[in-house]
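S.K.: So that we are looking at the same thing, I have put the structure below in C-alpha cells.
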Amino acid sequence: MQVGNYGQYPSLNQIREPLDDGSSARSKRGERLIQAFRANADFLNREWLLLTLETPIADLSKHGIPRLGKKTAENLAAEIAAINAHPDPQHSTVEDLLHYLPMRYEDRSRLTRVDGLIDGLSASVEVTVRIGGVLPFKGGRLKLFEMFATDGQGQIRAFWWNQIYLNRVFQRGTRVILFGQWKLNRYKGIFEVENPDYEVLGDEDEDPETSAIHTARRVPVYRKLGDLRTRPLRGIFHHLLQKLAGDIPELLPSVMLSRCDLISRQKALQSIHFPSDDATVEDYNEVRSPAHRRLIFEELFWLALALGLRRRERLREPKGEMIEIDDRIREVVRSILPFALTDAQKRVLREIISDMRGDEPMNRLLQGDVGSGKTIVAIQAMVVAVENGYQTALMAPTEILAEQHFRNIRRIVSSRPYRVELLTGSMKIREKRLVREALRAGEIDIIIGTHALIQESIEFGRLGLVVIDEQHRFGVLQRAQLRRQGFNPDVLVMTATPIPRSLAMTVYGDLEVSVIDQLPPGRTPVRTHVRGDDRREQIYEFIRTQLVSGRQAYVVYPIIEESEKLDLRNATEMYDHLQREVFPEFRLGILHGRMKPLEKEEVMTAFAAHQIDLLVATTVIEVGIDVPNSTVMLIEHAERFGLSQLHQLRGRVGRGAAESFCILLAQYAKTKEARARLSIMEETNDGFLIAEKDLEIRGPGEVMGTRQSGVPTFRLANLIRDQRLLELARREAETQLVELALTRETELMIRHVRKMPRYGLAEIG
Ligand code: ADP
Ligand code: MG
C-alpha cells in the first residue's frame, strides 16, 4: 500500500519510477540524490530552488513566473491572507493561493458566434471592436460607455454605466471576449449586452504559450484579486501549476482514494484551475466535477478526523471524583422548582444527570428553541453538583445576561444555604479580588459571569460543572483553558440557535446533543407580520393600544450610529423621536452596546420591573432576555437580519400568557427575495425550520456566525450541499481512528491535522 507523502521532500519528477499499479515511487538513486540535495540545501537558499505548496506567496517572485514580480507577489500574499483571515501575509502559502478557485468556467472551445445568439442567452462571444465612445445621460450625471463590435459574421453592441475608462481599454481593432446575458434590441435589430464581463485578448508582450491558455479551451474565470484581473491570474496559476507538477504530495492513502472513487490531489488541484479538454463545464460550474469532489472530501475528512481525535482525547481523561445522586439530593432538586417541568425538560435533565454520574467528563450540548426553558434545567444540574460538594460556574455571552441569570438563580436557590456570586468585567477591582479569593478558597458554590470568566486567571477550589449559555461553540477551547488550570469538569453548552441535525453532527462532532423540543404550557404562538414603511403610523397606533393595556414593547434597530449606512435609522435618534413625538405619554428606555455595563444593567432592571414601557434597543437584547410582560417586538430594517437572528429577537416576546406580536418593518421594495425570505417568519414559529431555511439561503458560516462559533470556515465544502460527502468523510475518518488506529499511516495523518491551525487541535494537544 502506498502511503501519502507527508514530508516536504524536494521531490524531483525525473527520479520517480513508475510502479505496476500506475503510481510512482522514488528509485534508490533518486533517494540518494534527494539526500545529497538536502545536505546541500542548508548552504543554498532553498526558496530559489524549491517550489512547494509551503512556499510563501511573497517569495514566488523568485521563481521566474512571468509577470509575477516582487510587488505583485507581496500584494497577492496580502490579498490571500485577508481572505483566510491570517494576521500575517507571510503565512500565506502557495497552497492557500491554489485554493483561490475560479468563480466560473467558460467553454471557449465552443464560443458562441454572433449569428448564433438567442434572446436571453448567457454566452461568451469573441469580437473585434469597431467603434466605441462615451455618452452623457441625465444631464451628465450618468455616463454610458458603448461600443459596437463584430466577429466577422454579425455586429453586437455592448455598454457599461459609469466606466468611462473603458474608452481607453477598447480601441478600434481590440479583440475581446464578452460574457453576459444577450438581449435582442428589436428596433435596431442587434444583440446587446449590459455590463458584460470582458477579457481583452492578444496582448503583444505576452508569450504565445501563455496566450494559448486563454482561448479555445475550457478556461477558468477568476474574481478580481487585488489589482489582478482574471487574465493575469490565469497566467499565474498556469505557470505555478506547471512548475509544481509532481510536487503536490498526496495526503490520502491510495486505498482510500479508490474506495471512495477520488482522484489524486495533484490532479484535482490541476484540473480545478484548468479543466481538461474532455471535462464537462457544467460539472465544474455546478461544483460537482471530480476535482471538486476530491477537494471537498479532503476538507471534510480532515475536519472529521480532528473531531474524532478531540472526542478521544477528552474521554481519555477520567474525572476522578464522581457525582452521586440519592433521595435527599432528588428532593432538593425538586424543592427549588418554581413550576412543573415539561416532559422534554425532564428527559433532558435525566440525560444530563446520567452524564454527570459517569466517570467521563460530560460534553453535552443542550439545544432548545427560544423560551423552551433551558435555564431551569441547567440550574437543576448545578444544584446536583453543589450538593455533591462541587463548585459550578455559569457563563453568559453578555453582562446583561449574566446579571439576569444572577438575579434569577439567586431567587430560585434562595431556600438553600449556597453562596452565589457574580463576576463581571465592570466590577470594581477590589470586588473582583474578593470574589476570586473566595472562589479559590472554595467558599463560593455558584459563580456567574461572562465568557471571560474562565479566560481570566481564575482559580477554583473544586470545580465540578461549567454551564455555557447561549453560545454555539465547540466548547473544546474552553475545556482546554480549564484543563490548563487543572480541571476536567462536566461541561454543558446551551444554545437557542437551532442547529439542524445534519449540521450539529459536524459542528459539534465531539458533543452529545440533548434537545428540548417542547414549549412550556400556556404559550400562544407569536403572531408575525411583515410590513412596509407606509404602515408605520398604524403600527405605532397598535403599539400604543398594547402599552395602554399595561403591556411592554421592544423596538429594535440594526446598528446604533449613522456612520457609514446613512439610510439606517439611528437607534438613539429614533429613541428621541419616539419619546418626544410619538409616545410622549409613555416611559421609553434605550439600550445599546456602547453603553456602560452599569447603565445597561439599570435599564434592563427598570424594564424588567416595568418602570419602562417601551425599550428601544440594538441587537444587544437578542439573546436570553426574559421579560414575560412584553408583547410587541417591532424590528426595523428587518431585511438586514438573518432569519435565525429574527427568530431570536422574536423570542423576546410570547414569554407570558398574553398574545404577542412581532412586526417586521422592511423596505421590501428593494428585493423580491428579501420579501420572500421574511415571509417565512410569518409562516412559522419553528426555530429548526427557520434555521434550515436560513442555512439554505445564507450558508453555515453566516448562520453560525463562523468567527465566534469556532466552526472552521470551509474553503470549498458546503455542509448542506455536500452532506453525502460529509457522511463518507466521517466514515473514513472513523475507520482510520478505529480499525487503522495503530498504523503509521494514521499516525502521519494525525500529525498532519495537528499542524492545521484551522482545526484548533494544537490547543488540546
Ligand atoms: P430559554 O430556553 O430561551 O433560555 P428560559 O430558560 O429563559 O428559556 O425560559 C423561558 C421562560 O419560561 C422563563 O420565564 C422560565 O421561567 C419559563 N419556564 C421554563 N420552563 C417552564 C415550565 N416548565 N413551565 C412554566 N414556565 C417555564
Ligand atoms: Mg436562555
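S.K.: Probe 1.4 Å, all protein chains in place: accessible area of Lys319 in Å², nearest 10?
M.R.: Only protein atoms counted, so the area is about 40 Å².
S.K.: Still on this structure: Between segment 107-169 and segment 637-692, how many Å separate their Cα centres?
M.R.: The distance from the Cα centre of segment 107-169 to that of segment 637-692 comes to 43 Å.
S.K.: Quantify, in whole percent, the carbon and sulfur part of the accessible surface of segment 79-129 (1.4 Å probe; protein heavy atoms only).
M.R.: 50 percent
S.K.: Which length gain, in nm to one decimal place, applies between Glu683 and Thr150 when the Cα-Cα distance is subtracted from 0.36 nm times their residue separation?
M.R.: 186.7 nm
S.K.: Let me spell out the model: positive unit charges on the Cβ of Lys and Arg, negative unit charges on the Cβ of Asp and Glu, origin at the Cα centre of segment 527-684. What dipole size does that give, in debye rounded to 20? Mind dumping the intermediate values first?
M.R.: Details: 21 positive and 24 negative charges, 74 e Å.
For this selection, approximately 360 debye.
S.K.: Tell me whether segment 308-398 comes out rounded, prolate or oblate; compute the Cα gyration tensor, take square roots of the eigenvalues as a ≥ b ≥ c, and use a/c under 1.5 as the rounded threshold.
M.R.: On the way: a/c = 1.86, a/b = 1.27, b/c = 1.47.
Taking the square roots of the gyration eigenvalues as a ≥ b ≥ c, segment 308-398 is oblate.
S.K.: For Cα pairs less than 8 Å apart in space and 6+ apart in sequence, what is the mean separation divided by the residue count of segment 221-315, i.e. the relative contact order in percent?
M.R.: 19 percent
S.K.: Quick check: the distance between the Cα centres of segment 416-456 and segment 317-364, to the nearest angstrom?
M.R.: If you average the Cα positions of each part, the centres end up 24 Å apart.
S.K.: What whole-number value in Å² describes the accessible area per residue of segment 527-684 for a 1.4 Å probe? Please list the in-between numbers first.
M.R.: Working: 6840 Å² over 158 residues.
Spelled out: the 1.4 Å probe surface of segment 527-684, per residue, equals 43 Å².
S.K.: Ordering Glu739, Glu512 by accessible area with a probe of 1.4 Å, largest first, what comes out?
M.R.: Glu739, Glu512
S.K.: How many nm separate the modelled label positions at Glu602 and Glu734, each set 7 Å beyond the Cα in the direction of the Cβ?
M.R.: Simple spin-label model gives 5.7 nm for this pair.
S.K.: State whether segment 527-684 is rounded, prolate or oblate according to the following rule on the C-alpha gyration tensor (a ≥ b ≥ c being the square roots of its eigenvalues): a/c under 1.5 gives rounded; otherwise a/b larger than b/c gives prolate, and the remaining case gives oblate.
M.R.: Details: a/c = 1.42, a/b = 1.23, b/c = 1.16.
The shape class here is rounded.
S.K.: Also, I was wondering about something else. Which number comes out as Rg/Rh for segment 106-215 once both Rg and the Kirkwood Rh are worked out on C-alpha atoms?
M.R.: 0.98
S.K.: Can you compute the FRET efficiency between Arg175 and Met103 using 1/(1 + (r/R0)^6), with r the Cβ-Cβ distance and R0 = 25 Å? Round to the nearest 0.05.
M.R.: 0.65
S.K.: May I pose another question? Quick one: if you stick a label point 7 Å off each Cα along the C-beta vector at Asp227 and Lys70, how many nm between them?
M.R.: Label-label distance for Asp227 and Lys70, simple model: 1.5 nm.
S.K.: Follow-up. For Val548 and Glu437 in the same chain, what is the full-extension length gain: residue separation times 0.36 nm, less their Cα-Cα distance, in nm?
M.R.: Contour length minus the Cα-Cα distance gives 35.0 nm.
S.K.: What does the extension gain come out to for Ala82 and Phe339, with contour length at 0.36 nm per residue minus their alpha carbon separation?
M.R.: Answer, rounded to one decimal: 87.4 nm.
S.K.: Roughly how many nanometres apart are two label points built 7 Å out from the Cα toward the Cβ at Glu541 and Asp326?
M.R.: In this crude label model, Glu541 to Asp326 measures out at 6.8 nm.
S.K.: While we're on this one: Using a 1.4 Å probe, how large is the accessible area of Phe191, given in Å² and rounded to the nearest 10?
M.R.: 30 Å²
S.K.: Any idea of Ile325's accessible area? Nearest 10 Å², probe 1.4 Å.
M.R.: 30 Å²
S.K.: So, one more: Given a Förster radius of 45 Å and the C-beta distance between Thr128 and Glu696 as r, what FRET efficiency does 1/(1 + (r/R0)^6) yield to the nearest 0.05? The partial results should precede the final answer.
M.R.: Details: r = 44 Å, r/R0 = 0.97.
That pair, Thr128 with Glu696, gives E of 0.55.
S.K.: By the gyration tensor of its Cα atoms, with a ≥ b ≥ c the square roots of the eigenvalues, what is the shape of segment 351-461: rounded for a/c under 1.5, prolate for a/b over b/c, or oblate?
M.R.: prolate
The values are calculated or read from the model by the stated rules, or taken from the named source; none is laboratory data. Only a predicted model underlies this, so the values are computations on that prediction, with no experimental measurement involved. In this analysis, Cβ positions are derived from the backbone assuming ideal geometry, glycine residues included, and neighbour counts consider all displayed protein chains. Remember, those area values only see protein heavy atoms, side chains included, never the ligands or the DNA or RNA. Shrake-Rupley method; radii C 1.70, N 1.55, O 1.52, S 1.80 Å.
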